[in-house]
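The values are calculated or read from the model by the stated rules, or taken from the named source; none is laboratory data. Being a predicted model, the structure only gives us computed values, none of them experimental. Methodologically, a virtual Cβ is constructed for each residue, glycine included, from the backbone with ideal geometry; neighbour enumeration extends over all protein chains shown. When the accessible area is computed, the model is the full protein with side chains, heavy atoms only, and any ligands, DNA or RNA have been set aside. Shrake-Rupley method; radii C 1.70, N 1.55, O 1.52, S 1.80 Å.
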Amino acid sequence: MNEFFEAFAWVALVSYTFNVLVSFASGRPLVEWINPGRRYLPWFALTLLTAGYGLLTRAAWKYHEGHADLLRKLATQERAAPEVVVGVGLAIFAAAVLLLYAWCWWFLPRDPLTFSNNPRDLAREYGRALRHYVRWKGGLDFAAVLERRGGELVTVARAADVTDIARGLARVPRGDPAGAPTADDQVRTWVALAADLLAKWDGFDAAAAPAGQGACVAVSFDLTYGAVFLRMLEEPAADPEYGGLYLLAACLNQHEVNTLTAGSHYTLLYRAIRHIRDGVVAR
């Protein structure tokens, strides 16, 4: 019983340490701390494996038996050295941690704060964030960071899922299927729509003025087939040549809009772009 309680105490201590340091010490939920893009879990699993191997080596030195013999006794006999029990327990725990990390990497979008807010190439970091959130199924099909200079709308960075755009376009009924737009055509249409909406932005401000809640900073359209989102990232400057920075996103799947998946991914993308800009833009 003493050996059992000693082994249990070691495993409980490791579990408690994991719970405090990784999940709740910062006040953030577990999923945010282990989110893809962070590296806490792999290093934690490596630490557990190292500690487990160290305990097994200590048992081999203490009892003058080989590692294989100690493990064989653990598997075939009821009695085993406590160091071996704890070491194997840590190894199993490490395997569970790695499986958890793999699950998060496969099923969860990245936490926006895992992108660099001090990038060497700002446009490249924009592109990384755009590509990441666009590639997730059940979300956005296209996204771009746009800048208006000299009356022209310039694409700073963009990402598009051509397969999902083509699939979405196939769902839209058209009189002449042969004349259906391609994915590139649809992307150009979205950018042109953004330019048209920006030209009418003063009208949005005027329409919202009676609410007394300030100027319009974002618009979104829930359409019959999907949605379009447009948000101001940086207001136009006094310089007449600069018309501000904007985030455009769109999807062609109404189910993704109804389940709020598209809106959720758009919010994550906006937070990522905002985080990237926080480190390089004076506030």
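Laid out as a table, the results:
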{"item": "Selection count, the range 97-108, where residues are farther than 19 Å from Leu48 by Cα and crowded, with 16+ Cβ neighbours inside 10 Å", "result": "1"}
{"item": "Exclusive hit being of a type in the set (Asp, Glu) and surrounded by 13 or more Cβ atoms within 10 Å (Cβ to Cβ), set Asp111, Asp184", "result": "Asp111"}
{"item": "Unique residue being within 19 Å of Ala129 (Cβ to Cβ) and at pLDDT below 95 when the list is Leu223, Leu233", "result": "Leu233"}
{"item": "The one condition in (1) without any contact (Cβ under 8 Å) to a residue 60 or more places away in the chain; (2) part of a helix (DSSP H, G or I) that Glu65 fails to fulfil", "result": "(2)"}
{"item": "Where a residue in the range 150-162 is at negative phi and its partner, wherever it lies, is among the β-branched types (Val, Ile, Thr) and part of a strand (DSSP E or B), with Cβ under 6 Å and at least six apart", "result": "Val156/Val145; Ala157/Val145"}
{"item": "Residue count, the range 201-215 (criterion: assigned to a helix (DSSP H, G or I) and of a type outside the set (Phe, Trp, Tyr))", "result": "9"}
{"item": "Residue satisfying all of: in the range 250-283; part of a loop (DSSP other than H, G, I, E, B) and without any contact (Cβ under 8 Å) to a residue 12 or more places away in the chain; most open to solvent (accessible area, probe 1.4 Å) among these", "result": "Arg283"}
{"item": "Test for Ala25: is it among the small types (Gly, Ala, Ser), at pLDDT 70 or above and within 30 Å of Ala129 (Cα to Cα)", "result": "no"}
{"item": "Residue list for the range 60-96, filter: within 17 Å of Thr50 (Cα to Cα) and among the acidic types (Asp, Glu)", "result": "Glu83"}
{"item": "Conditions (1) of a type in the set (Gly, Ala, Ser); (2) open to solvent by less than 10 Å² (accessible area, probe 1.4 Å); (3) out of contact with any His (no Cβ under 7 Å at 6 or more places or on another chain): number failed by Ala123", "result": "(2)"}
{"item": "Verdict on Leu169 being modelled with pLDDT under 90 and in a helix (DSSP H, G or I)", "result": "no"}
{"item": "Selected residue [of a type in the set (A, V, I, L, M, F, W, C), touching a residue at least 12 places away in the same chain (Cβ under 8 Å), open to solvent by less than 40 Å² (accessible area, probe 1.4 Å) and within 27 Å of Ala227 (Cβ to Cβ)] from Ala143, Ala94, Ala81, Ala195", "result": "Ala143"}
{"item": "In the range 38-74, the residues that are closer than 19 Å to Leu99 by Cβ, modelled with pLDDT under 75 and surrounded by fewer than 17 Cβ atoms within 10 Å (Cβ to Cβ)", "result": "Arg39, Tyr40"}
{"item": "Ala91 of a type outside the set (Val, Ile, Thr), farther than 30 Å from Ala218 by Cα and modelled with pLDDT of 85 or more", "result": "yes"}
{"item": "Arg174 at pLDDT below 90, in a strand (DSSP E or B) and over 26 Å from the mean Cα position of the chain (by Cα)", "result": "no"}
